[in-house]
Amino acid sequence: SSFLRQTYGQRIQNHTNPAAKLLLETMERKKTNLAVSVDVVKSKDFLAIIDAVGPFVCLVKTHIDILEDFDYSTIQRLQDLSVKHDFVIFEDRKFADIGNTVALQYSSGVHKIANWSHITNAHPVPGPSIISGLSSVGLPLGRGLLLLAEMSTRGALATGSYTEDAVRMARANRDFVIGFIAQRTMEGVGLQSHSVDNDDFLTLTPGVGLDSKGDAMGQQYRTPRQVILESGCDVIIVGRGIYGKDPSLVDEIKLQAQRYREAGWQAYQERISA
Ligand code: S5P
């Protein structure tokens, strides 16, 4: 039977990885499957947006390398906000190199991602060694990894057998790989028969917008209903749909976050009661 009919709370028991459990617990506790992607370049805006959307989200997704005034104190503030508002942190680093290099990129440099990000992600393109490299750093810290099995952009190359192989790589590394960045659930993808006991991975899905179909650079948007109810994804990731063009409009950002949270939760409730 499918995990899509189980509640987020029920699915906690299908996971052993601490980051996966934390995310599902947070979703159940706060009744939200909304993640906000905070793609702004000034630390002040970054922190203000996170403080504004914090009550409505299960997770905050960062691109820490776009902050032009980055200072490690921003990380301490991000962690304080994550405790204040009870959300999980996901640095969207999209690692894509050999094991030795990604282990260094994950642990070191100015950002030291493994120190503070509960979840990060990787392209499966190098093969299984990217998972061993990252897990050598992240697993002892209780971190979790998402594989990019599909992308939201027009013309994306992550399709067909590439996507299937990504799912097989995940199944072979269940201790560290907690799910996928994908446009639909990967449950059963690439299986000859239903031969795995536990195929419950988390599906986090970007390319979500209620008012726009895409941008001028290949992004494509679908609604929370399409993503959660029709495609069986678990978390909607919303960036510009929530913070728009002006990061200083805090009240408007709060309203949009509430709107997306409601749309995502409504679609989830329809799914589990279907
Ligand atoms: O396939 C993908 C994978 C990711 S992680 N498509 C994406 O858009 N993303 C990320 O999601 C992207 O890097 C950006 O941070 C966010 C989408 O932002 P939005 O403003 O278009 O909602």
Given L59, L4, L81, L23, which one is under 24 Å from R261 (Cα atoms) and out of contact with any helix residue (DSSP H, G or I) (no Cβ under 7 Å at 6 or more places or on another chain)? L23
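From the residues in segment 193-209 that are more than 9 Å from the ligand (Cβ to nearest atom) and under 18 Å from Y162 (Cβ atoms), which one is surrounded by the most Cβ atoms within 10 Å (Cβ to Cβ)? Full working, then the answer.
Kept after step one, since they are more than 9 Å from the ligand (Cβ to nearest atom), are these residues of segment 193-209: 193-203.
Then keep just the ones that are under 18 Å from Y162 (Cβ atoms); that gives 201, 203.
Working: F201: 27, T203: 24.
Looking at the filtered set, the residue picked out is F201.
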Going by the conditions given, is G109 more than 20 Å from R171 (Cα to Cα), at pLDDT 95 or above and part of a loop (DSSP other than H, G, I, E, B)? yes
Would you point out the residue of segment 210-248, among those that are exposed (fewer than 15 other Cβ atoms within 10 Å of the Cβ) and aliphatic (A, V, I, L, M), that is nearest to N121 (Cα to Cα)? M217
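Yes/no matrix, rows are residues, columns are (1) surrounded by 23 or more Cβ atoms within 10 Å (Cβ to Cβ); (2) touching a residue at least 24 places away in the same chain (Cβ under 8 Å); (3) assigned to a loop (DSSP other than H, G, I, E, B):
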| residue | (1), (2), (3) |
| --- | --- |
| G9 | no, no, no |
| A19 | yes, yes, no |
| E28 | no, no, no |
| G54 | no, yes, no |
Those residues that are in contact with a Leu (Cβ under 7 Å, 6 or more places away or on another chain), within 20 Å of T120 (Cβ to Cβ) and away from the ligand (no atom under 12 Å from the Cβ), I need them from segment 139-188; list them, please. L145, A166, M169, A170, D175, F176, V177, I178, G179
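Of these, V83, V38, which one is free of Cβ contacts under 8 Å to residues at least 24 places away in the same chain and among the hydrophobic types (A, V, I, L, M, F, W, C)? Reasoning before the result, please.
Values: V38 fails: free of Cβ contacts under 8 Å to residues at least 24 places away in the same chain.
One residue alone meets the criteria, V83.
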Does segment 90-113 hold any residues that are closer than 15 Å to D65 by Cβ, among the hydrophobic types (A, V, I, L, M, F, W, C) and touching a Leu at 6+ places or on another chain (Cβ under 7 Å), and which are they? F90, F95, V102
Residue in segment 226-234 that is within 12 Å of the ligand (Cβ to nearest atom) and polar (S, T, N, Q) present: no
Has segment 30-37 got at least one residue that is within 14 Å of the ligand (Cβ to nearest atom) and among the small types (G, A, S)? yes
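Take D246 and tell me if it is more than 12 Å from the ligand (Cβ to nearest atom), modelled with pLDDT under 95 and under 20 Å from G9 (Cα atoms). Quick ask: steps written out before the conclusion?
On the way: more than 12 Å from the ligand (Cβ to nearest atom): yes; modelled with pLDDT under 95: yes; under 20 Å from G9 (Cα atoms): no.
So D246 fails the test.
For S152, state whether it is of a type in the set (S, T, N, Q) and farther than 21 Å from V227 by Cα. Write out each step before concluding.
Numbers: of a type in the set (S, T, N, Q): yes; farther than 21 Å from V227 by Cα: no.
No: the conditions fail for S152.
In segment 242-258, is there at least one residue being in contact with a strand residue (DSSP E or B) (Cβ under 6 Å, 6 or more places away or on another chain) and under 19 Å from G54 (Cβ atoms)? Reasoning before the result, please.
So the first thing to find is which residues in segment 242-258 are in contact with a strand residue (DSSP E or B) (Cβ under 6 Å, 6 or more places away or on another chain), and the list is 242.
Narrowing further to those that are under 19 Å from G54 (Cβ atoms): 242.
Scanning segment 242-258, I find at least one residue that is in contact with a strand residue (DSSP E or B) (Cβ under 6 Å, 6 or more places away or on another chain) and under 19 Å from G54 (Cβ atoms), so the answer is yes.
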Would you pick out the residues in segment 122-163 that are touching a residue at least 12 places away in the same chain (Cβ under 8 Å), polar (S, T, N, Q) and either surrounded by 14 or more Cβ atoms within 10 Å (Cβ to Cβ) or under 27 Å from V208 (Cβ atoms) (or both)? S132, S135, S136, S152, T153, T163
Determine the pairs where a residue that is at positive phi and in contact (Cβ under 8 Å) with a residue 24 or more places away in the chain, located within segment 228-239, has a partner that is assigned to a helix (DSSP H, G or I) and away from the ligand (no atom under 12 Å from the Cβ) with Cβ atoms under 8 Å apart, the partner being 6 or more residues away or on another chain. G232/L4; G232/R271
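Please find, among V177, V227, V208, V238, the residue that is farther than 17 Å from L34 by Cβ and either of a type in the set (A, V, I, L, M, F, W, C) or touching a helix residue (DSSP H, G or I) at 6+ places or on another chain (Cβ under 8 Å) (or both). Working first, answer last.
Values: V227 fails: farther than 17 Å from L34 by Cβ; V208 fails: farther than 17 Å from L34 by Cβ; V238 fails: farther than 17 Å from L34 by Cβ.
Sole residue among the options that is farther than 17 Å from L34 by Cβ and either of a type in the set (A, V, I, L, M, F, W, C) or touching a helix residue (DSSP H, G or I) at 6+ places or on another chain (Cβ under 8 Å) (or both): V177.
The values are calculated or read from the model by the stated rules, or taken from the named source; none is laboratory data. As the structure is a prediction and not an experimental result, all values here were calculated from the model. All Cβ positions, even for glycine, are placed from backbone atoms using ideal geometry, and neighbour counts span all protein chains on display.
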